[in-house]
Amino acid sequence: MTKIVGIVGAGAAGLMAAGRAASLGKTVIVFEKNSRAGKKILITGKGRCNVTNNCSMEDLMANIPGNGKFLYSSLNKFNNIDVMDFFENYNVPLRTERGNRVFPESDRSNDIAKALIRYAEGNGAKFIYRSPVKEILVDNGCVSGVKLENNDVYELSSVILATGGMSYQITGSTGDGYRMAQQLGHTLIPPKPSLVPLETREKWVADAQGLALKNVGLTVYDNKGTKVYHDQGEMLFTHFGVSGPMILSASRHILDCEYAGSVLVIDLKPALSEEALDLRVQRDFAKYARKQFSNSLGDLLPKSLIPVIIELSGIDREKPVHQITKAERAKLVSLLKSLKLTVSKARPIDEAIVTAGGISTKEINPSTMESKLIKGLYFAGEIIDVDGYTGGFNLTIAFSTGFTAGTSA
């Protein structure tokens, strides 16, 4: 039979797999249901594409809470350093930013997508666009080809499923790969949203909608009261709750308890201890001694947060500042250091950056990415039940598993 490798999905994992298999001399056909390749890559990192993380192997593994051990073999073949070398070799200069996050110097995700397409096409991979795959064909427990939705059949010696998860469905990640793998007997670990904005029970967040906070502290407790996350950085208030880089990272730590009932504690002034902040408040109160409480917080807080803090403090907004008691001031300081929000749920999976869950790693050979059930069937990227925190870790997973699957197939 013709030795042709078929790749379903031209995202980060599929493109890497296509380029790798083609570079080893295989005939490669990539089936992509969109009209172009790399659609999801274009919107990652707000269009800048956080392509990997410039950290140690130990830190890399520590940042993949979703079955990181499964990736050990694949990351030994192609890791974050290899990712950086790859793009530099394809004339995409990179730079490392806060948290070791790596971006193209151009700040253009399109440069990353184009480099991957050049890698695949330059090695001879053929792309067929607008070609949704309906079914993977199997003969005697071995892959024999694929059938498209228009019923065209392609004979293939192996197939790499790189269809992504369920997040950002506008890019084509609609769970097709899950369905095809399940038809062949694979187990699907139920997909959940990860790295996702959070809805809160407190409705006052809508009053602060659009407010971005920088350099604030965040401590997260799961619904049993266990502290699971702490960081300092950026977050955003929305009409439904909270979002922003720090919130997305925090969300992965409360995925296992289904989000609901977890508590977010925001420290609006992390650089100051409670004592130092109390002195700061006293200075502001002295400065605005003759004003009402509502007019004394402008130096301390963003405008849209002032009414919220007044309401939560329980201090009469019209109370003259010089009449505020020590106990009231203590409550205000405590509020600024620990503004609490209760999570009601995560936003829908379509708004998540990545999908947690996917095809069970127990049914995939970690050193080849080949199915343990069907010979010639391989998996790469988000379709597998692996996921990492924000910071370039999920794209690293995609590139590593894509490289491994492409090598093996």
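The values are calculated or read from the model by the stated rules, or taken from the named source; none is laboratory data. Predicted model, so just to flag it, every value in this text is computed and none were measured. Using ideal geometry, Cβ is built from the backbone for each residue, glycine included, and neighbour counts are taken over all protein chains shown.
Points to keep in mind about this one:
- Identity of the residue in the range 359-383, acidic (D, E) and within 18 Å of L15 (Cα to Cα), that ends up surrounded by the most Cβ atoms within 10 Å (Cβ to Cβ): E382
- Screening S313 with (1) of a type outside the set (D, E); (2) in contact with a strand residue (DSSP E or B) (Cβ under 8 Å, 6 or more places away or on another chain); (3) buried (at least 18 other Cβ atoms within 10 Å of the Cβ) gives one miss only, at (2).
- Filtering the range 174-188 for residues that are under 17 Å from A13 (Cβ atoms), of a type in the set (S, T, Y) and without any contact (Cβ under 8 Å) to a residue 40 or more places away in the chain leaves a non-empty set.
- Test: residue in the range 64-74 that is touching a Pro at 6+ places or on another chain (Cβ under 9 Å), hydroxyl-bearing (S, T, Y) and closer than 24 Å to G122 by Cβ: yes
- The range 250-271: number of residues that are surrounded by 18 or more Cβ atoms within 10 Å (Cβ to Cβ) and part of a loop (DSSP other than H, G, I, E, B): 6
Residues checked against (1) modelled with pLDDT under 95; (2) surrounded by 19 or more Cβ atoms within 10 Å (Cβ to Cβ); (3) closer than 23 Å to A352 by Cβ:
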position: L248; (1), (2), (3): yes, yes, yes
position: E274; (1), (2), (3): no, no, no
position: R290; (1), (2), (3): yes, no, no
position: L305; (1), (2), (3): no, yes, no
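- Residues in the range 325-336 include at least one that is under 28 Å from G99 (Cβ atoms) and in contact with a Leu (Cβ under 7 Å, 6 or more places away or on another chain).
- Verdict on S294 being polar (S, T, N, Q) and either assigned by TED's automatic domain parsing to the domain that holds F240 or touching a strand residue (DSSP E or B) at 6+ places or on another chain (Cβ under 9 Å) (or both): yes
- Cβ pairs under 8 Å, 6+ apart, first in the range 128-142 and over 16 Å from T163 (Cβ atoms), second among the β-branched types (V, I, T): L137/V143; L137/V146; L137/V153; V138/I374; G141/I374; C142/I374
- From the options V216, V220, residue that is closer than 14 Å to T342 by Cβ, assigned to a strand (DSSP E or B) and modelled with pLDDT of 95 or more: V220
- If only residues of the range 172-220 that are among the acidic types (D, E) and closer than 29 Å to I309 by Cβ are counted, the one that is surrounded by the most Cβ atoms within 10 Å (Cβ to Cβ) is E199.
- Residue list for the range 261-297, filter: touching a residue at least 24 places away in the same chain (Cβ under 8 Å) and among the basic types (K, R): K269, R290, K291
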